[in-house]
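The values are calculated or read from the model by the stated rules, or taken from the named source; none is laboratory data. Here the structure is a predicted model, which means the values were calculated and not measured. As a convention, Cβ positions derive from the backbone with ideal geometry for all residues, glycine included, and neighbour counts pool all protein chains shown.
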Amino acid sequence: MAVRPFPLRGRLRLGALLLLAVASVGSLAMQRAGLGAFPAEVSVDGALRGGTVETTVGIINDSAEAAPVELVATGEAGTWLSFDSAEAIVPAQSRLLVPVSVAVPDDAANGEYEALVRISAPGDEVTLSIEVPVTIEVVGTQQLEATIVDVVVEPAEVGGVARLAVTIDNTGNVAVVPDLLVLVESAGSVVDEFSITTGRIPPGRVAVAGEWDTSGRVPGPHRVIVTGTVDDVDMGTVTADFDLAERGTFTREVDLVGLTVTNEPAVGGVVAVEALMLNVGEIEAFVTLDARLVRDGQRLATERSIVVRVGPGESGVLEVFFPIEESGSYVVTGFLDYEAGETEPRSAAFGVEVAGGGIPALWWLLLALAVMLLIGPFVVRRRQMSRLRQRLDHGDVR
């Protein structure tokens, strides 16, 4: 029995359906195209068997929407890796650092081991993944060495918070969790004491933060004395003198250095607005960005950023996001609001063209599908007539 070929009309319809399926998958992939990871590879050197080492993996989201992601560790040493949470949300136009703990088994032999951190962005029909290789070098001797190098106290006023930065140098090969004790002296007497929680500190030099509440304290000269231990091993002692000032002693002033649009907004997306600020005052400031969006002279919306602390002499960045629903000429204007007042406003102009600036790829595919469906019957009919004429020419008519 002869096998009949698949009808041309059926082949045309099947091809059209496949094109539509590819277009759907491609559209979903494009929506997730802003996902990235850094660094390209993580190296964990000098990890002690039986010990735990801390590292990080960064996730970048350049898209206009927040991206939920899932993290999984695989590979030869995948079971050694763990995360504080296997799920995270990366804000739009932002990046997120994810702590990774590497717990080396007690019986691991010296040498290099491989693992993978897989970062997945699940969707309704398709899941995109990025893999970051992790190389772990296991050694057999524990070096537990950490010292307190320095402590710095920022200017503070009565009723506020005196902020400390304690520098710790971990020269060993394992992460440590120091116990830090801070004594506060005034006029030769201890007036307060508190502990600083550091978390795990990997090898290297880092600064950990501490805070002293000055409510109800007497202004004047003070001294902080910081001591610490790691598993009962002394880390040394450092001191710093500072003056606790009366309320209103220090000037508060923040400059709005610039206001910029950091992405290429399109209809249906968002515009990301970034404000660069500089604290030119003598004490910390808590700052927010207030911004308004205008299109073709019509005021559309206002947004207020989160509050950000900026120390004296420090710069910082604040962001707000506005949805873009129509094309047109836009102007965003913003100012900084802090305890002592407001900055002069700054503006940034940008234009948004008709969505996509032309016909999107998906619409081209749909147009091609429609054309195929329209001309398909004519192609089939023409082939049938051609075969009939050939049969007539050969006298084969039944």
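Points to keep in mind about this one:
- Residues in segment 318-350 that are of a type in the set (A, V, I, L, M, F, W, C), under 29 Å from T251 (Cβ atoms) and loosely packed, with under 15 Cβ neighbours inside 10 Å: 1 in all.
- Taking segment 47-82 as the range and being under 16 Å from P202 (Cα atoms) and not small (G, A, S) as the test, the residues that pass are L48, R49, T52, V53, E54, T55, T56, V57, L81.
- Test for I306: is it among the hydrophobic types (A, V, I, L, M, F, W, C), under 30 Å from R247 (Cα atoms) and either at pLDDT 90 or above or not in a helix (DSSP H, G or I) (or both): yes
- Looking across segment 163-192, the residues that are touching a residue at least 60 places away in the same chain (Cβ under 8 Å) and β-branched (V, I, T) come down to V166, I168, V174.
- Filtered residues of segment 227-266 (kept if β-branched (V, I, T), under 36 Å from the mean Cα position of the chain (by Cα) and under 23 Å from D150 (Cβ atoms)): T227, T229, V230, V238
- Residues being touching a Pro at 6+ places or on another chain (Cβ under 9 Å), closer than 30 Å to T288 by Cβ and surrounded by fewer than 14 Cβ atoms within 10 Å (Cβ to Cβ) - total across segment 208-242: 0
- If the condition is being exposed (fewer than 15 other Cβ atoms within 10 Å of the Cβ) and among the hydrophobic types (A, V, I, L, M, F, W, C), then segment 288-316 contributes A301, I306, V307.
- Sole exception among (1) touching a Pro at 6+ places or on another chain (Cβ under 8 Å); (2) farther than 23 Å from G140 by Cα; (3) at pLDDT 90 or above for R9, by number: (3)
- Meets criteria (farther than 30 Å from L183 by Cα and buried (at least 16 other Cβ atoms within 10 Å of the Cβ)) for E274: yes
Results for (1) out of contact with any Pro (no Cβ under 7 Å at 6 or more places or on another chain); (2) within 17 Å of V280 (Cα to Cα), shown as yes or no for each residue.
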{"residue": "R304", "(1), (2)": "yes, no"}
{"residue": "P312", "(1), (2)": "no, yes"}
{"residue": "S315", "(1), (2)": "yes, yes"}
{"residue": "R346", "(1), (2)": "yes, no"}
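- Looking only at segment 156-182, and only at residues there that are more than 22 Å from F286 (Cα to Cα) and of a type in the set (D, E, K, R), the one that is surrounded by the fewest Cβ atoms within 10 Å (Cβ to Cβ): D179
- Screening G199 against (1) under 34 Å from the mean Cα position of the chain (by Cα); (2) within 27 Å of D150 (Cβ to Cβ); (3) assigned to a strand (DSSP E or B) leaves a single unmet condition, (3).
- Comparison of E185, E193 shows that the only residue that is touching a strand residue (DSSP E or B) at 6+ places or on another chain (Cβ under 9 Å), of a type in the set (D, E), at pLDDT 95 or above and crowded, with 16+ Cβ neighbours inside 10 Å is E185.
- Restricting V354, V280 to residues that are loosely packed, with under 13 Cβ neighbours inside 10 Å, farther than 20 Å from S94 by Cα and of a type in the set (V, I, T) narrows the list to V354.
- Selection of strands (runs of 3 or more DSSP E) fully inside segment 78-149 by the criterion of at least 2 residues being within 16 Å of the chain's Cα centre (by Cα) and outside the structural domain of V317 (by TED's automatic domain parsing) returns 87-90, 94-103, 111-122, 127-139.
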